[in-house]
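Chemist: What follows is a single structure, and I will ask about it in a moment.
Read-outs throughout are calculated quantities, based only on the coordinates presented, and are distinct from any laboratory measurement. It should be emphasised that the depicted structure is a prediction, and the values quoted were computed from it without experimental measurement. Neighbour counts are summed over all protein chains in view; Cβ atoms, including those assigned to glycine, are modelled from backbone coordinates with ideal geometry.
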Amino acid sequence: MFLGSLDILEDEEAFRAQVEEDAVSFKPIGTLIHSYTRHSGTGKGKGKETALVEPDSDEALVFEAYHVCDKTPLCRLVLLT
């Protein structure tokens, strides 16, 4: 579902299903310029997890940075409207 869509989900089950789908299928516009992985920190205690975590692991949080400029096709469409 795209943010520009005017669909309103009043059913909680449908809303939750859409959120789950969007979480998996969302792709930011622009060019990926950097990514890094951190441990999700779900363990007990206040200590920071220092062990390396594979990006595909259930315990991984993957952060990504994207570069977007006025030449990015979808960005141009948004800026022009």
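Chemist: Could you work out how far apart the two model spin labels at Val24 and Ser40 are, taking each label as a point 7 Å from the Cα in the direction of the beta carbon, and quote it in nm?
Modeler: The two pseudo-label positions are separated by 1.6 nm.
Chemist: Just to be sure I understand the model, the point goes 7 Å from the Cα along the line to the Cβ. What's the resulting Asp70 to Phe15 distance in nm?
Modeler: 3.9 nm
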